[in-house]
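Laboratory data are not the source of any read-out in this text; all were calculated from the coordinates shown. The shown structure was predicted, so the numbers you read here are calculated from the model rather than taken from an experiment.
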Amino acid sequence: MKILQGFLMVMGVIAILAIIALIIGYILAFLTPDIRSNMRPAFPTQEAIDSLNQKINDLKKGVAAAESTKTQKNVDLTITEDEINSALSLMLAEGSIPAKEILVNFNEGYSLTYTSWNVPGLPLKTGILGQVEVENGKPKIIVRDFFLGKLPVPDGIDRAVENLANIVIKLNIPLEELKLDIKDVTVGEGQIRISGVTKTTK
């Protein structure tokens, strides 16, 4: 679940930036961003959670097998909206995330993320329109738009969110542990596909 932990750390950083922005527009920051009305709803299930866990376990086993035989192996991991939203819903129910709602949509070429935070005195609502690129064998998030309620957000905030997001992901997604070079990340309708190749040690 390291990938999800990295994702949640990113969202936490965004919340901190949102607090700073409250100085500019206290009321607007608490309203729901317009992107929320355009997002598909989530229908969490235990089956989707089990499916995601199985996929991650299979990926780890495949990488470990390639490492033991010192051969390169192409690997693919496809995560669906249902799987990611179901896992997030479980975390919300367990109280491990300070939020009332988190919703992720995968669309052709980009993703949308909406979060309604559950912080006492700061009921912030944020949204991100993002893309993923691959740089030196690692995924890199590109933030195209960051939304804080209905507050107009300067472009500089987008870049700050992007930079912090990539730092947090680098620290929390164990790609070095997995010895995996990411070759491509494709965001499609309802799913995201990660393709890569295992590293070999001499």
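Backbone geometry of segment 94-105 corresponds, through the Karplus equation with coefficients 6.51, -1.76 and 1.60 at θ = phi - 60°, to 3J(HN,Hα) couplings of 7, x, 7, 10, x, 9, 8, 8, 9, 9, 10, 10 Hz, x marking Gly and Pro.
3J(HN,Hα) along segment 132-145: 10, 10, 10, 9, 6, x, 10, x, 10, 7, 10, 8, 7, 8 Hz, from the Karplus curve 6.51 cos²θ - 1.76 cosθ + 1.60 with θ = phi - 60°, whole Hz, x for Gly and Pro.
Could you sort out which of 73/138; 61/140; 60/100 sit more than 22 Å apart by Cα distance in this structure? With Cα atoms farther than 22 Å apart: 61/140; 60/100. For residue 190, the amide hydrogen comes within under 5 Å of the amide hydrogens of 106, 107, counting only partners 5 or more places away or on other chains and with H modelled in the peptide plane. Here's how it looks for residue 31: its modeled amide H is under 5 Å from those of 150, which are all 5 or more places away or on a different chain.
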